[in-house]
1. If I model a spin label at LYS254 and ASP94 as a point 7 Å from the Cα along the Cα→Cβ vector, what separation in nanometres do I get?
2. What share of Cα pairs, in percent, lie more than 36 angstrom apart in the chain?
3. If packing is taken as the mean number of other Cβ atoms within 10 Å per residue, what is the order of 211-219, 234-242, highest first?
4. List the lysines whose alpha-carbon lies under 26 Å from that of LYS176, not counting same-chain residues fewer than 8 positions away?
5. Using a Förster distance of 25 angstrom, determine the FRET efficiency expected from the C-beta separation of GLU137 and ASN39, and round it to 0.05.
6. Note down the magnitude of the dipole of the chain about its Cα centre, charges +1 on Lys and Arg C-beta and -1 on Asp and Glu C-beta and zero elsewhere, to the nearest 20 debye.
7. Using the charge dipole of the chain (Lys, Arg: +1 at Cβ; Asp, Glu: -1 at Cβ; taken about the Cα centre), state which of GLY301, ALA165, PRO265 has its Cα farthest towards the positive end.
8. Skipping prolines and chain starts, which residues have an amide H placed within reach, meaning under 5 Å, of the one on MET47, given they are 5 or more residues away or on another chain?
Amino acid sequence: MKLFKNFLKISILAVLFLTVTCKNNAETKSINEEHTNHNKKSKPLNMVFIPAGVFTMGDSSGQDMEKPVHEVELDAFYMDTHEITLDDYGKFVDATNYVTDAEKNGGSIIYDGKDFVKTEGINWRFDGSGNQHTEEEKKQPVTHLSWNDANAYSNWIGKRLPTEAEWEYAARGGEKGYKYAWGNDLLGKEVVANISDENYIKLVEWPHFESYDDGYTMASPVGSFAPNSFGLYDMAGNAWEWCADYFDENYYSKSPKKNPINNEPNERRVMRGNSWDGRPGMMRASRRTSDIQSNSYTDTGFRCVKDAE
Ligand SMILES: [Ca+2]
Ligand SMILES: [Ca+2]
């Protein structure tokens, strides 16, 4: 009888142990594990799954507009692994005969050898120096696009521009919430992104990162550097990326916690991620900027997102 009682005790303890262990495993499944597991199953082509989650948006050591630092909760979504390329945008224009704002509004801004100036005839088919892109450059990010042009492509392909919060959450790479797409340290000598480097200073007198050579004066083919921990490329540098929100520098003091997007109309839209024109500190995932939504520049492009079902 005593033997049976002991057996019963051990059995009950074993069941309790297994129940608690299983429960803990379920609870501790991380955002990044969820990201990896989902991506193994299914996802839209050239997109990655970004799981629902809560993250800390903004930076107390950043610009005033990056404050107050606040918690944001987002639903899951898919994000393009790469910036939209010249190849991608060419397919859209071929299919729709879409005319960009630069073509309607007197050109776009390029470096003319002395300065960055708006130049008649420049549009998405041209590089940052005003040369027509070659066939070999088709994997570079499409630029010289306004927010309107980016939004038109996104609608055509059945996706949308990311909200500013989605963009920052994705750039920070998961539960660790990195300060930069590549991690928390400013930057060492390891080449991790296309920024203003030793090549750029040869072209233009501009603050750059000394002794850092990423190999590119202006745009690089998308995905030329390591991805962040969500598998997203060029979330720091290469091309600036338009986001869906209207820009408001005070938005963080009034934004809702869940799925924020500033839909209060004004003429400016959010841009994120900086470009080949920016120094390392400017690559902070939380850093915000904006422009008039019909303006285009030599280093401004975009990528799309899609709701996860
Ligand atoms: Ca560079
Ligand atoms: Ca970028």
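Where a number appears in this text, it was derived from the coordinates with a stated rule and is not lab data. Computed from a predicted structure; not experimentally measured. Here the Cβ positions follow ideal geometry from the backbone for every residue, glycine too, while neighbour counts run over all protein chains shown.
1. If labels sit at LYS254 and ASP94, their model points lie 4.6 nm apart.
2. 22
3. Averaged packing, sorted descending, gives the order 234-242, 211-219.
4. LYS23, LYS29, LYS40, LYS41, LYS43, LYS67, LYS189, LYS254, LYS257, LYS258, LYS306
5. 0.30
6. 1920
7. Result: ALA165, furthest along the dipole toward the positive end.
8. Those qualifying (amide H under 5 Å, at least 5 residues apart or on another chain) are THR81.
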